[in-house]
Amino acid sequence: MGANFIFNKMLPASPADGKPGDRRQTELLTHGDNVWLRIGPLNVEDGGIDRYTVKLSEQDIQELLNGLKGLLIRY
């Protein structure tokens with residue numbers, strides 16, 4: 001059973017993390033019956049190691065979605 005990627009993109013990193021132009025791979029994926037959000041190390045795409053990964057519950061997903069929708073209204 002493999003992972004199904006919903007979102008997978010290199011995004012700009014915080015300036016506090018490194019220098020201008022640095023990026024981090026950000027992934028939203030399902031594996032089994034779970035949903036995961038994963039952020040990789042600086043400037044490494046598909047590195048496989050040293051990634052921060054969190055499991056999202058249904059409530060977490062709803063709260064994240066509501067937060068993102070709220071940001072869309074601001075911008």
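Values as computed for the structure displayed
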{"quantity": "Computed [θ] at 222 nm, deg cm²/dmol, the chain (DSSP H ≥ 4; -39,500 (n - 2.57); rounded to nearest 500)", "calculated": "-7500 deg cm²/dmol"}
{"quantity": "(i) 16.4; (ii) 13.6; (iii) 16.8, with the label sought being that of the calculated Kirkwood radius over Cα pairs in Å", "calculated": "(ii)"}
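All of the numbers you see were taken from the coordinates with simple rules; none came from a lab. Small disclaimer: the values here were computed from a predicted structure and weren't measured.
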